[in-house]
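A quick write-up on the structure given underneath.
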Amino acid sequence: MTQGKRQFVKYNAYRVDPLWRRLPEAQRQQDKEEFLAVVDEFTAGISIRSYSLVGLRADADLLLWCISETLESLQELVARLYRTGLGGYLSMPYSFLAMTRPSPYVEKHRHAEQEGASAAIRMSRTPYRYLVVYPFVKTAQWYLLPVEERQRMMDEHFAAGHKYPSVKINTSYSFGLDDQEFMLAFETNNLSDFLELVMELREQKARLYTLRDTPILTCIQKPLREALQDVGG
């Protein structure tokens, strides 16, 4: 298999200490501007998209989806953010690392808004309203099945996905890099379609070989300034 050019993919979910919201408004505004300036500085080398989790999970307020050609740049971004005024009040309850590679199962089933044979993930020029992100781990038994049997089950998966073209899947791979094996990120403007897709996938045989697929982070896409305003403007 031709691997092509790889990218590092990082999903960082941040929680803001409630103490930050009790700071004077002028200080919070200064902290936000400093945070925004750091992110803006790094967008020259990292694709960054921001999402709000405020009110959607009890343990996270903000998610940054980052794609970069180097691991070092992703680390430096977080290090710089932690050195801002707001950074002193941040924790990271969820941090998922992965890389891109071509899918071993996708040949005939690719199309523009679904998983394909490319080794790259490209953020859509016009962001989807919602992002659903979760880690995924298969059972050991899955990898001992004949390739042909795995392919048949994945073909069934793809057939279900094609019924919901409003849902775009981005798959990246974490083998040996992080606790999960895959990172799945679904973009959509219609969460009802996504719910129906997942319910249909639950009834397929491949589900028997799922070991873990939580936590699930359902996020609303917002410009970073608006996402920070949600946290405590």
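The values are calculated or read from the model by the stated rules, or taken from the named source; none is laboratory data. What you are looking at is a predicted structure, and each value in this text was computed from that prediction instead of being measured. Quick reminder, even Gly has a Cβ in these numbers, built from the backbone with ideal geometry, and neighbours come from all protein chains shown.
Assorted remarks:
- Condition met for ALA37 (part of a loop (DSSP other than H, G, I, E, B), without any contact (Cβ under 8 Å) to a residue 40 or more places away in the chain, loosely packed, with under 15 Cβ neighbours inside 10 Å and not β-branched (Val, Ile, Thr)): no
- Of the helices (runs of 4 or more DSSP H) lying entirely inside the stretch 130-233, those containing at least 1 residues that are surrounded by 13 or more Cβ atoms within 10 Å (Cβ to Cβ), in contact with a strand residue (DSSP E or B) (Cβ under 9 Å, 6 or more places away or on another chain) and at positive phi span 224-232.
- Members of the stretch 207-233 found to be closer than 22 Å to THR126 by Cα and not β-branched (Val, Ile, Thr), listed by number: LEU217, CYS219, GLN221, LYS222, PRO223, LEU224, ARG225, GLU226, ALA227, LEU228, GLN229, ASP230
- ALA79 exposed (fewer than 15 other Cβ atoms within 10 Å of the Cβ) and at pLDDT 95 or above: yes
- Any chance TYR128 is farther than 16 Å from VAL198 by Cα, modelled with pLDDT of 95 or more and of a type in the set (Phe, Trp, Tyr): yes
- Tally, over the stretch 82-115, of residues that are among the aliphatic types (A, V, I, L, M), at pLDDT 95 or above and either over 20 Å from GLY232 (Cβ atoms) or touching a Gly at 6+ places or on another chain (Cβ under 9 Å) (or both): 3
- Considering the conditions (1) within 16 Å of TRP65 (Cβ to Cβ); (2) touching a helix residue (DSSP H, G or I) at 6+ places or on another chain (Cβ under 8 Å), LEU217 is excluded by exactly one of them, (2).
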